Amino acid sequence: MKIPSTLRNYFFIIFVLFLMVGCATTQQQLLDSEQSQLRLRSIQTRAFDTTDKEKTLRTVITTLQDLGFVIDKADATLGMVTATKLDRYALRMTVTVRPRGETQLLVRANAQYETTPVDDPEPYQHFFSALQKAMFLAAHEVD
Amino acid sequence: MPHVSERRRTIFLSLRCLILFVLSLAFVACHPHIPPEALKLDSESLKQRQVQTRIFQTDDEAKVLAACAALLQDTGFNIDESETQLGVIVGSKDRSAVSAGQVVGSIFVSLLIGAPIPWDKNQKMRACVITRPVGEEKKTIAVRVTFQRIVWNTEGKVTKREGLTDPKIYQEFFEKLSKSLFLEAHEAL
């Protein structure tokens with residue numbers, strides 16, 4: 001009885017694949033539930049030793065332009081910039097700047113590639129390395 | 001020989017399993033992954049910056065920004081967003097993306113294969129102008145403009161998403177900006 005066992009394998013594989021494909025529920029997609037909030041914050045955030053919010057925002061905009069983004073929105077009061085890069089793919093990024101204590105600013109970036117959130121540390125490392133060059137200031141990791 | 005044909009069927013079935021598995025993997029892998037160089041500076045970024053930037057001898061950032069807004073209007077853009085405090089103006093426009101060559105090509109291929117081939121129909125073009133004071137005494141203003149576009153075909157599908165990098169575009173834009181600044185300075189029109 002060789003064929004039925006092969007058939008069983010066949011169905012088993014399809015079943016496993018369905019489990020893999022049928023990924024997230026609406027709630028999971030809406031609130032990115034499987035992400036650890038703390039981990040995400042630490043890879044998306046850096047602290048800079050400056051209190052000049054406007055200059056920092058302007059430097060963020062310059063860096064985004066250097067990386068090929070076109071700005072969608074900018075708000076000096078809220079300290080945020082949103083930009084989109086189109087290069088066969090669509091990459092959207094929001095960067096916020098807010099004070100941390102008396103002497104520092106926190107810069108947080110979060111990116112969305114096509115329809116998925118970017119949660120690898122590496123792209124953010126590239127972004128902050130470009131930003132710190134333009135800022136002439138070191139980007140400190142935040143715990 | 002029933003034994004051999006059974007073995008053949010088994011092999012055939014396993015092959016089908018394998019193909020299905022690979023195909024399904026391709027589906028699962030449609031969780032797209034960001035290209036590693038997407039947020040990396042390279043020599044091309046510096047070249048683009050030079051092409052897209054001009055320096056103007058003035059310390060009046062608001063005036064330059066106003067001239068840029070007027071220029072975007074001159075070139076048919078609608079302003080979507082502006083933030084004077086950060087020197088940001090963003091505009092967009094919708095235009096036709098039909099090119100005669102592509103239409104003729106599509107119709108020719110459609111007739112050959114007997115199925116309709118779509119061609120590019122509409123495009124949304126976006127521009128963002130950023131001004132920023134530069135230099136030690138902030139007596140000069142740097143203006144950087146960047147353009148991008150999205151193209152849809154006759155079936156409504158996106159066929160192109162790209163930044164526009166042709167230096168000629170930027171040359172013409174800045175020639176027009178000089179004119180716009182001149183007109184603003186003389187309060188003509």
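Brief remarks on what is shown
- Qualifying positions in segment B:134-187 - out of contact with any Ser or Thr (no Cβ under 7 Å at 6 or more places or on another chain), over 18 Å from B:F56 (Cβ atoms) and among the aliphatic types (A, V, I, L, M): B:I150, B:V158, B:L164, B:I169
- In segment A:23-49, the residues that are away from chain B (no Cβ under 14 Å) and open to solvent by less than 30 Å² (accessible area, probe 1.4 Å): A:T45, A:A47, A:F48
- Residue count, segment A:50-74 (criterion: farther than 22 Å from B:I79 by Cβ and in a helix (DSSP H, G or I)): 6
- Scanning segment B:165-189 for residues that are in contact (Cβ under 8 Å) with a residue 24 or more places away in the chain and within 15 Å of the chain's Cα centre (by Cα) gives B:T165, B:P167, B:Y170.
- Check on B:S99, exposed (fewer than 15 other Cβ atoms within 10 Å of the Cβ) and hydroxyl-bearing (S, T, Y): yes
- In segment A:89-143, the residue that is nearest to A:L57 (Cα to Cα) out of those that are among the hydroxyl-bearing types (S, T, Y) and touching a Ser or Thr at 6+ places or on another chain (Cβ under 8 Å) is A:T94.
- Single unsatisfied condition, B:I130 versus (1) among the hydrophobic types (A, V, I, L, M, F, W, C); (2) surrounded by fewer than 21 Cβ atoms within 10 Å (Cβ to Cβ); (3) more than 16 Å from the chain's Cα centre (by Cα): (2)
- Residues that are more than 14 Å from chain A (Cβ to nearest Cβ) and open to solvent by less than 50 Å² (accessible area, probe 1.4 Å) within segment B:76-96 comprise just one, B:G76.
- Qualifying position, being farther than 18 Å from B:L181 by Cβ, small (G, A, S) and touching a residue at least 24 places away in the same chain (Cβ under 8 Å), among B:S106, B:S96: B:S96
- Considering segment B:1-75, the qualifying helices (runs of 4 or more DSSP H), each wholly inside and each with 3 or more residues that are open to solvent by less than 50 Å² (accessible area, probe 1.4 Å), facing chain A (nearest Cβ under 9 Å) and at pLDDT below 90, run over B:2-28.
- Answer residue from segment A:75-90, given it is part of a loop (DSSP other than H, G, I, E, B) and facing another protein chain (nearest Cβ under 7 Å) and is farthest from A:P117 (Cα to Cα) among those: A:A76
- For segment A:94-117, taking the residues that are assigned to a loop (DSSP other than H, G, I, E, B) and touching a residue at least 24 places away in the same chain (Cβ under 8 Å), the one that is surrounded by the fewest Cβ atoms within 10 Å (Cβ to Cβ) is identified as A:E102.
The values are calculated or read from the model by the stated rules, or taken from the named source; none is laboratory data. Remember, it's a predicted structure, so these values are computed and weren't measured experimentally. Positions of Cβ are generated from backbone atoms using ideal geometry, with glycine treated the same way; all protein chains shown enter the neighbour counts. Heavy atoms of the whole protein, side chains included, go into the accessibility calculation; ligands, DNA and RNA do not. Shrake-Rupley method; radii C 1.70, N 1.55, O 1.52, S 1.80 Å.
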